[in-house]
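The values are calculated or read from the model by the stated rules, or taken from the named source; none is laboratory data. Owing to the predicted nature of the structure, the values given are computational and were not obtained by experimental measurement. Counting neighbours? That spans all protein chains shown, and the Cβs are built from the backbone with ideal geometry, glycine included. Accessible surface areas use protein heavy atoms only, side chains included; no ligands, DNA or RNA. Shrake-Rupley method; radii C 1.70, N 1.55, O 1.52, S 1.80 Å.
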Amino acid sequence: MSLHQALQSAIHLALLAVLFLSPLALAVPSPSHQHDTPSRTRTRLNTNWRFHRFPTNPDNLVYDIRPDHANLSADSLTILKPYILPAANAFIADPANHHPVPAGAGAAANSTSSVPFAQPAFDDTAWEQVTLPHDWAIAGPFYVGDNVPVGGGMGRLPIQGVGWYRRTLVVPGRSDGQQHYFLDVDGAMSYAAVWVNGILAGGWPYGYNSFRVDLTPFLRRDGEENVIALRVDNPVQSSRWYPGAGLYRNVWLTTVGDVHVPFSGTAVTTREVRREGAVVDLVVNVENRGEGRKKVEVVTEVYELDGKTGREGKKVAKFETAAVSLKGAEKKTVTASVAIRNPRLWGPWTSQKPNLYVAVSRLYVDNQVVDTYSTEFGVRSVVFDGNKGLFVNGERVRIQGVNQHHDLGALGAAFNYRAAERQLEILRDLGCNAIRMSHNPPAPELLELTDRMGFLVINEIFDSWELEKNPNDFHLIFADWSEPDLRSFIRRDRNHASVIAWSVGNEVGEQHTDEAGAVVAHRISAIAREEDPTRPITASMNFAKPDMPFPPNFDIISLNYQGEGIRDSPAYAGLEGIKTSPLYPAFHEAFPSKLIFSSETAAALSSRGVYLFPVTNYTSAPVTDTLPSGGGNATSHQVSAYELHTANFGSSPDKVFTTQDAHRPYVAGEFVWSGFDYLGEPTPYYSSRSSYFGIIDLAGFRKDRWYLYQSRWRPTLKSVHVLPHWSWGAERAGQVTPVHVFSAADEVEVWVNGVSQGRRRVGKEGGTNGTTTSSYRFRWDEVVYQPGEVRAVGYKGGREWARTVVKTAGEAAGLRLTADRERIEGDGDDLSFVTVEVVDKDGNVVPRADTGLAFSVEGPGEIAATDNGDATDMTSFVSRERKAFNGLALVVVRGKSGAKGKLTLKATGPGLNAAQLTLRVQ
Ligand code: GAL
C-alpha cells in the first residue's frame, strides 16, 4: 500500500468511524452494488431524523404560489423557486436555458436564511424521532365522509401540509482537502428544499425523482456538528392516487474525492448480441472538482454478477484504458467498447435467465485509484417488431404484464426492499413477466429487483404535462421541470437491463389538443431520444386515434383500453362517454412497423371473496349498484368477485383476452390495470380508501381473478380454481348460485355433493344466452346451492389433469398463522408477512368470517402494519387490532435493528382459539 493509499484508507476509516460511532449516525450497507472504496463511500442516512408535520404552512415559505395557497397572503410569502431552479441546470441541455443563481444564494445572509426550522440552533427535541424511509401519512387517521381535505382519490390519508426533517451530521477533517459530500435523496414527496447549517443548498420539486445536493460548501469539518434540515410541502389535489408524504425513500451520504464519476455518471449499452459474443459500449463521465489540472486514466473491468448475493464473480472483459486530462472544475466524457465472448444473456424469467454483469470503473491519478464506480448491466437484445411483437435475445416474448403503483399497501409509500420483493414474487407466481411503472419513477431498488428477478419494465415518468388532471399536479411545474426531470430520470435508470422502454406520459391531456399537443409530445420524446438513443419512447393513449397528430411522435403504440374497445359491448350501451371499437387493427394499419401493446387493459373491479347475486349474464359489464346483477353493493361498497365487472371504460379479462388473441401476433401483449390494489382511486366507491382494480388485493391476497390470469399466463401449471366459496348461510339454500371455474384444462366437470353438473368445454357451453360464453372460463350458471362440497376435475386430451374440492366450512373455531418467511434479519428493515386465516375446527378457512382480531409480539421485533385487503376498512394500518375480511388478515412483522432471537406473534379473537407463531430474528 502506498502512502497515499494508506492515507486514503485512514480517512475512509475515520469517516466510517465517525458515522458509525456517533449516536447521530448509523450506516447500513446498501443493497445496491456500489463499491465503498477509500475514495468513495455511500452510506444510508436513514436514522436519527427529527420530524414535524405542520398541516398548514408554518413558515410562509413556498416553492411557488399554487392554487392551494389561496388562503395565504402573497406579500408575506418567501418564494424558494429561484434558489431551487439552478439544481435543474445539470439536466438542461441548452446553456441559454440555465437558471441564474440568485444573488446571495449560498450565503448565510440570503433571504431564506432566517427560516427558523432550518437554523442549527433550533431546538427540535420535541419533534418526533423517525427513521427513513418515512411516510408521515400512512398511520392516518383516515378521513371519513365528505368534505374532507383528502378524499378517496388520494387515499383519505393526511398527506397534506409541510413536513420538516432535521438531523445532525459529523464529518472528518479537511486535512486532505479532497472530500466532497453529497446528499443523495431517492425521492421526497414533494417540493423538497434542503438547508445545510441554515443555508439553502438545493432541492427538487417532483416527489418521485431522485436528486443530489452538494453539501460540501456548507459543511463544517473536523468533527463539528452540522445540521441538515429538509423541508417538504405536499399539496392536496396533486395526484390521482395516494402519493405518500415526506422522506419516503432512502437518503444517502455519498463522499468522493476531487476527481470522480458524477451522479448517474455512466452509461452501458450492448449491441451485436449473439450467443457467441456481444459488444459492450461504455460511457464514463469524469469530473475534476479540484483546482489543478489532472491527468486521469479510466480503467474498467467487467465481472459476472450474482443477482442473488450481489457478489462479483469471474472477470470477463477489460476495456482499453482511456486517458483524459481535466482542468480544475472541468467535466469530460470517455467512451470505450469491449467484446464479451459467450455472454450470459439477460432475459425475462419465464423462459430466460436474468444474468447480470457489473462494470467496475477505476479512476487513476498518478497511478493511484481516486474513484471506483460500479455499473450493473445486462447483455440482451430487444427487438420491437411491428408485425410479430417483442423479441428478447431472438425469442418472441409475450408481454404478460401488470401496472404497479408505488405504494406498498399497509406500509404506504415508504419504500421497503422486502415488501417490494414480495410483490414481485407474488407476481412471478402469477406468471407475470412485465411491469409498467405507473405513472412515475420508482424507487431505484425496485429496478434492481426487476433486473435480478427478470421482469421487463416500461419505466414511466409523468401522468400530466402542461394540461392539468388535478389543480396542484405536475402541470404547475412542467414548463421548468419537464426537461430536467426527464433527463435525470433516464440517466438514473438507463443501465437497468430490465428497462426496455421509456414512457414519457400517461393519458396526457395533450392527446386532445391536436397540433398543440403534438408539439409538446414531439419536444418531450426528442429529449428522451437524445438521452437514450437505444430504447423506444412511448406515451399511453386512451384517446388519440391513428389519424391524429399525437401518436406519430412515439416509437411504440401504447394503448390504454382502446385495443379491446371502450364501452362498445352490449352491457355498456347506455353509458355516457367516449365509445371506441377495438382499435388494434386501425393502429396496426396506420403504423405497420411500430410495436403495439396495451399499456392498460381491463380496469376490472372486485373485492376479494365477495360474491353478489344474481350474477350477470354478460361476459363483461360495468359495475353498478342500481341493477340486481350490477356487481356492486350500495351499502357494503363491495364489488362481486365473479370477475365480470369493470370500470365504465373497462373490459373483463375474458373480453381483453378475446381481442388480444384475435390480433396475435402483432399485438405484443398487455399490462393489466392493475397487478395489486393500491391506495386511493377507489372506483366505484369513493368513500373507500383503496382500489378495487387489483388482481391481488391490498394485503397481497389473491382474488379469484388471479387464477384467471394464472391459467392464461402459466397454462402448464395444473390447476382448477372454483368460485364462489361454498359456505353460505340458510339464506342461499335452494338459490341459484353459479359455479365458475378458471383453468387451463380443455374440459372441466363439476359435481355438487356428488351430483355431476356436467362436463363442459371452455367457451362452448355453459352460457344461458348468446352473450355469456367466454373462451376463458367454464360456467355452470344454473347450479343451486346446498351445503356440502363442490368438486371440479379438469381434463386435458381426455385425461384427468387437475382437481380441487371446495367444502362448506363450519363455525369459526380458531386462527392459523402462516409466515412468508420464518427467518428475518434484525436490521430494522426486513419483514415477515404473516397470513392470518380464520378456520373451523377441521382447519377449513371460514370464507365469510369478519371477526375482530388482536395481535401482539414478544421478542426482538414489532408489528409494522396490519391489513385485510378490505377497501372500506378505515382502521389505521398501524393498528394491532383488525377485523378479518372474508376469512383473512395480514400482519407485517419487522425485526428490530441490531436484535437477534426468537420472536413470537400471537393472534386472538373472541370465541376463537388463539394462535401463535415463532419467527427467528437473526
Ligand atoms: C386509466 C389511468 C390509470 C387509472 C385507470 C383506472 O385511465 O391511466 O391511472 O386511473 O384508468 O381508473
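At a glance:
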quantity	calculated
Residue pairs, from the table LYS81/LYS896; LYS318/LYS594; LYS388/LYS545; LYS81/LYS545; LYS308/LYS796, whose Cα atoms sit over 31 Å apart	LYS81/LYS896; LYS318/LYS594; LYS81/LYS545; LYS308/LYS796
Segment 632-758, relative contact order [Cα under 8 Å, separation at least 6], %	17 percent
Segment 783-830, accessible surface, carbon-and-sulfur percent (1.4 angstrom probe)	42 percent
Volume in Å³ per residue [convex hull over Cα atoms, computed for segment 348-411]	183 Å³
Estimated 222 nm signal from helices in the chain, with DSSP H stretches of n ≥ 4 weighted -39500 (n - 2.57), rounded to 500	-3500 deg cm²/dmol
Order of exposure, largest accessible area first, which applies to TYR611, TYR785 with probe 1.4 Å	TYR611, TYR785
Per residue accessible area in Å² of segment 639-730, where ligands, DNA and RNA are left out and the probe is 1.4 Å	22 Å²
For segment 249-332, convex hull of alpha carbons as volume per residue, Å³	145 Å³
Heavy-atom accessible area per residue - segment 102-165, 1.4 Å, Å²	41 Å²
Per residue accessible area in Å² of segment 242-343, where ligands, DNA and RNA are left out and the probe is 1.4 Å	45 Å²
Between helix 3-21 and the chain: long-axis angle, C-alpha atoms, 0 to 90°, nearest 10	50 degrees
Whole-number percent relative contact order across the chain, with pairs defined as alpha carbons under 8 Å at least 6 apart	9 percent
Charge dipole (debye, nearest 20) of the chain; +1 at Cβ of Lys and Arg, -1 at Cβ of Asp and Glu	2380 debye
With Cα atoms, 0 to 90° folded angle of helix 478-493 axis to the chain main axis	90 degrees
Portion, in percent, of the accessible area of segment 422-544 that falls on carbon or sulfur, probe 1.4 Å	51 percent
Integer Hz, Karplus 6.51/-1.76/1.60 couplings in order for segment 749-760, x for Gly and Pro	10, 10, 10, 10, 6, x, 9, 5, 9, x, 9, 10
Globularity ratio of the chain, using Cα Rg and 2.2 N^0.38 Å	0.96
Fraction of accessible area attributable to carbon and sulfur, segment 622-664 (%, probe 1.4 Å)	56 percent
Tilt relative to the chain, helix 444-453 - C-alpha long axis, 0 to 90 degrees, to 10	60 degrees
